[in-house]
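The values are calculated or read from the model by the stated rules, or taken from the named source; none is laboratory data. Note that the coordinates shown come from a computational prediction; the quantities given were computed from them, not determined experimentally. Here the Cβ is made from the backbone with ideal geometry for all residues, glycine too, and neighbour counts use every protein chain on show. For accessibility, only protein heavy atoms count, side chains too; no ligands or nucleic acids. Shrake-Rupley method; radii C 1.70, N 1.55, O 1.52, S 1.80 Å.
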Amino acid sequence: MLSLTFFLYFGQFGVLVPYLGVFLDGRGFSSQDIGELFALITLMRIIGPNLFASVADKSGKSLRILQFGAFLTFVTFCSIFWLDSFWGVTLAFGLMMLFFTAIAPQTEVITLGCVHGDATKYSRIRVWGSIGFIVLTVVAGKLIDVFSSDAPIYISGVVLLSLFLITLKLKEAPATDNTQVAGQSIWRKVRSKVFIAFILSSTLIQISFGPYYGFFALYARDLDYSGQETGGLIALGVAAEVIIFLMAGKLISQFGVKRTLLVSMLFTAVRWYLLAIAAQYWPALVVSQLLHALSFGLIHAASINFIHHYFGGQFRSQGQALYISIGFGIGGAAGNYGAGLIWHQGQGAELAFTLATGFALLGAALVACIPSRHMAK
């Protein structure tokens, strides 16, 4: 059931992340509107994770928080069928994202608790999220070609309802000792130079994803790729991610978190530069998508592994929430907003991906500064 939860959760991302821009473009929104809307709804990833994680850590009821988030995600998403204005659509997606943020950290915590922190076992479960992303990305791309740019919204409604129903079948992870030791606080760990460098590098990587998450499908369309071809390209990237997830545990154990993150971030910079200068050439686009295995899959697996060991059982949910809210929330919002300002209906595509290359390199530089002994596991 945890595998199916990941399948549907990331399958939902496979529908909305590549095609939300296409849906919004079909509704008549400009590039700047799309960038601003992406940024505003991404900001919900700052508020939600910390709110829900704090409750989960104090109550020990991760599963209840997960089920609550899945139910309200579906309910608030349904309002999109009746809203057409910029602020109406933004409100609908913003509320959906607020509650959607309750799902991932708690699913990660429950999964890591069930596998007792084993990176290899975790990767075998988490890989189903990548498979879900592939399947639903291809399906959504095909349905856009057959029907219209509204197809992703109908698919999302079915996926979110299914996700809620599946969470009702999950079981709470085995209890761990979360008793707070006198004098200990999560802020002692958060204020450390190691965590600050890690979270800043994560934020920079997510900023670099802004043009890709917000505009890749529109970029591909402008380069005369069909919806089905775009879906196939995105699926190719996630297929590579599936393979790397199956290998992630061994790679992290062999090379350590620091080296894994550093190499993956450097290849992420290569990926964005290929999109900047050679996306019109099919082979370059294929190579770029294959690098998704490193730029998302291996970076995410190594980051989750670092947080699991760095924060321990006492602050694990809050650690996951900080990673998502700061890295994906602030970083994602800044990247989406900046990409929207630069894109100019596709005229600024090369500049946007070139700047993304620079942000990825800065993220790698920060990781390089972290002493290896603090990121050994």
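Of the helices (runs of 4 or more DSSP H) lying entirely inside region 185-290, those containing at least 1 residues that are open to solvent by 10 Å² or more (accessible area, probe 1.4 Å) and hydroxyl-bearing (Ser, Thr, Tyr) are 193-208, 210-222, 227-278. The helices (runs of 4 or more DSSP H) found wholly in region 51-117 and carrying at least 1 residues that are open to solvent by 30 Å² or more (accessible area, probe 1.4 Å) and modelled with pLDDT of 85 or more occupy 62-77, 86-100. Only one of Gly332, Gly313, Gly346 is at pLDDT below 90 and surrounded by 24 or more Cβ atoms within 10 Å (Cβ to Cβ). Can you tell me which? Gly332 is the lone residue from the list that is at pLDDT below 90 and surrounded by 24 or more Cβ atoms within 10 Å (Cβ to Cβ).
Taking (1) out of contact with any His (no Cβ under 9 Å at 6 or more places or on another chain); (2) open to solvent by 50 Å² or more (accessible area, probe 1.4 Å) in turn, Gln32 satisfies each apart from (1).
With respect to (1) surrounded by fewer than 22 Cβ atoms within 10 Å (Cβ to Cβ); (2) of a type outside the set (Lys, Arg); (3) modelled with pLDDT under 85, the lone exception for Gly48 is condition (1).
Of all residue pairs spaced 6 or more apart or on separate chains, those with beta-carbon atoms under 7 Å, a first member in region 262-288 that is aliphatic (A, V, I, L, M) and a second member that is open to solvent by less than 20 Å² (accessible area, probe 1.4 Å) and not in a helix (DSSP H, G or I) are Leu285/Ala279. Here Asp84 meets the list (1) among the charged types (D, E, K, R); (2) touching a Lys or Arg at 6+ places or on another chain (Cβ under 9 Å); (3) without any contact (Cβ under 8 Å) to a residue 40 or more places away in the chain almost entirely, failing just condition (3).
Residues to consider are Tyr337, Tyr323; find the one that is of a type in the set (Phe, Trp, Tyr) and open to solvent by less than 20 Å² (accessible area, probe 1.4 Å).
Tyr323
Entry remark, region 294-305: residues being open to solvent by 10 Å² or more (accessible area, probe 1.4 Å) and more than 12 Å from the chain's Cα centre (by Cα) number 3 in total.
Yes/no per residue for (1) open to solvent by 20 Å² or more (accessible area, probe 1.4 Å); (2) of a type in the set (Gly, Ala, Ser); (3) closer than 17 Å to Gly21 by Cα:
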{"site": "Trp128", "(1), (2), (3)": "yes, no, no"}
{"site": "Ile131", "(1), (2), (3)": "yes, no, no"}
{"site": "Thr137", "(1), (2), (3)": "no, no, yes"}
{"site": "Lys142", "(1), (2), (3)": "yes, no, yes"}
{"site": "Val146", "(1), (2), (3)": "yes, no, no"}
{"site": "Asp150", "(1), (2), (3)": "yes, no, yes"}
{"site": "Ser162", "(1), (2), (3)": "yes, yes, no"}
{"site": "Thr167", "(1), (2), (3)": "no, no, no"}
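Checked against the criterion of being open to solvent by 10 Å² or more (accessible area, probe 1.4 Å) and more than 18 Å from the chain's Cα centre (by Cα), region 5-24 has at least one qualifying residue.
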